[in-house]
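Heads up, the thing below is written out as structure tokens.
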Amino acid sequence: MRAYHDEEWGVPSHDDRHLFEMLTLEGAQAGLSWSTILRKREGYRRAFASFDPTIVAGFGSRDVERLLADPEIVRNRLKVESTVNNAARVLEAQDELGSLDAYLWAFVDGQPIVNHWRTLSELPAETELSSAISKDLKRRGFRFVGPVGIYAFVQSVGMVNDHTVDCFRRSR
């Protein structure tokens, strides 16, 4: 967890595969701990073709069954099927808007929102931003993209900087 915080969490990401990966992992986390998902991250990368949306969108029922037998990921049918579905939605966003990056970062005008929290207890579980993104993702057919998970997503990919004011990572 410390390495994830110190090296990745909150760093602005503009890579479509990484954005798809984090959407997937945040969706998989629903009802579980983030540490559980981080432990399974390499399994997810292997199982979902390094989050290449073109490959994952082509997964069929045999692939889903294979994934449901894979102990290195969360073996929940709805979550696995949502990843395949969401890969197709990523491709649609790329086709329509040029990239998943362009679509998502437009919600923050291309610049991270920097909050000024003094303590972790001040951080909200969801915001108007995460609700708006969640609503639009759902409109586009994405699944497992509720406002709480989307707030964690925008934090993780640096769209929102929620490092507390005393955190050494805040200014990086």
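The values are calculated or read from the model by the stated rules, or taken from the named source; none is laboratory data. No experiment lies behind these values; they were computed from the predicted model shown. Positions of Cβ are generated from backbone atoms using ideal geometry, with glycine treated the same way; all protein chains shown enter the neighbour counts. These area figures cover heavy atoms from the full protein model, side chains too; ligands, DNA and RNA do not enter into them. Shrake-Rupley method; radii C 1.70, N 1.55, O 1.52, S 1.80 Å.
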*Sticking with the crude label model, points 7 Å out along Cα→Cβ, report the distance from residue 167 to residue 123 in nm, one decimal please.*
0.5
*Output the Kirkwood hydrodynamic radius of the stretch 1-148, Cα pairs only, in Å rounded to one decimal.*
16.2
*Label-to-label distance, nm, for residues given as residue 140 and residue 77 (7 Å Cα→Cβ offset)*: 2.8
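Set the Förster distance to 25 Å, then compute FRET efficiency between residue 113 and residue 1 from the Cβ-Cβ distance, nearest 0.05.
Details: r = 23 Å, r/R0 = 0.94.
So, using R0 = 25 Å, E works out to roughly 0.60.
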*What net charge is computed for the residues neighbouring residue 119, neighbours being all others with C-beta under 15 Å from the C-beta of residue 119, Lys and Arg scored +1, Asp and Glu -1?*
-1
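What number, in percent, do you get for the relative contact order of the stretch 114-166 if the mean sequence gap of Cα pairs under 8 Å and at least 6 apart is divided by its residue count? Each step should come with its number before you reach the end.
Working: 54 pairs, mean separation 27.3, N = 53.
Across the stretch 114-166, relative contact order equals 52 percent.
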*Under a GNM of the chain (C-alpha, springs under 10 Å), which listed residue has the highest mean-square fluctuation: 122, 42, 72?*
122
*With every protein chain kept in the model, how would you rank 40, 79, 135 by accessible area, 1.4 Å probe, largest at the top?*
135, 40, 79
*Most mobile of 114, 74, 145 per a Gaussian network model of the chain (Cα springs, under 10 Å)?*
114
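Decide, for the stretch 20-81, between rounded, prolate and oblate: order the square roots of the alpha carbon gyration tensor eigenvalues as a ≥ b ≥ c, take rounded if a/c falls under 1.5, and otherwise choose prolate if a/b is larger than b/c, else oblate.
Taking the square roots of the gyration eigenvalues as a ≥ b ≥ c, the stretch 20-81 is prolate.
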